[in-house]
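What follows is calculated from the coordinates using simple rules that are stated; it is not laboratory data. A quick note: this is a predicted structure, and the numbers were derived from the prediction, not measured. Glycine also receives a Cβ, built like all others from the backbone with ideal geometry; neighbour counts cover every protein chain displayed.
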Amino acid sequence: MLMLPTLATIGSSAFFSAEDRDAIRAAIERAEAETSGEIKVHIEPKCSGDVLARATQMFEKLGMHQTELRNGVLFYLAYEDRRFAIVGDAGIHAAVTEGFWDEIKVGMQVKFRQGRFVDGLAEGIAKAGQHLAQAFPVRAGDNNELSDDISFG
């Protein structure tokens, strides 16, 4: 599990339009087309307390720890508090190299600081999906274990 540093700026309560949500869902679908891994995005305005603890709590609440291969990844964003985290399950942590999550974090932060939140999430999702595809390729009979819809808190 990895906590990512505070972002420079984030917008208002009407954070993502319907088109933005569709673009994020499409990024998840593209990434998951090549892997048995599961990717989810959870967005809420505020995060009371530690962002990593909250992201981990949402990871469990969303049932991401119950995937067959323990290969789920949650992108968590608390936009009013300008904080985000990436939480990966045990299976994906065993498959990634040190610095992998930092690489994703840096690319996302650059886009976020430019106000390009959809692009930042899509880039992070794509990078996580590429690694998931190598470590957890699609298997015969693979089912999408979790909804690709964004969850909101």
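Highest GNM mean-square fluctuation among 70, 139, 83, for the chain modelled with Cα contacts below 10 Å: 139. Seen from residue 104, the other residues with C-beta closer than 12 Å to its C-beta sum to a net charge of 0, counting Lys and Arg as +1 and Asp and Glu as -1.
Local charge for residue 142 was computed over the other residues whose Cβ lies under 13 Å away, with Lys and Arg +1 and Asp and Glu -1, and equals -4.
Each Lys or Arg adds one and each Asp or Glu subtracts one; over the other residues with Cβ under 12 Å from the Cβ of residue 26, this totals -4.
Among [x] 1.08; [y] 1.59; [z] 0.95, which one is Cα Rg over 2.2 N^0.38 Å computed from these coordinates? Label [z] holds the value from this structure. Under the combined filter of DSSP loop state and at most 13 neighbouring Cβ atoms within 10 Å, the stretch 60-153 retains these GluC sites (Glu not before Pro): 68, 98.
Dipole magnitude for the chain: about 420 debye, using +1 per Lys or Arg Cβ and -1 per Asp or Glu Cβ, origin at the Cα centre.
Relative to the longest principal axis of the Cα atoms of the chain, the long axis of helix 18-32 makes an angle of roughly 30 degrees.
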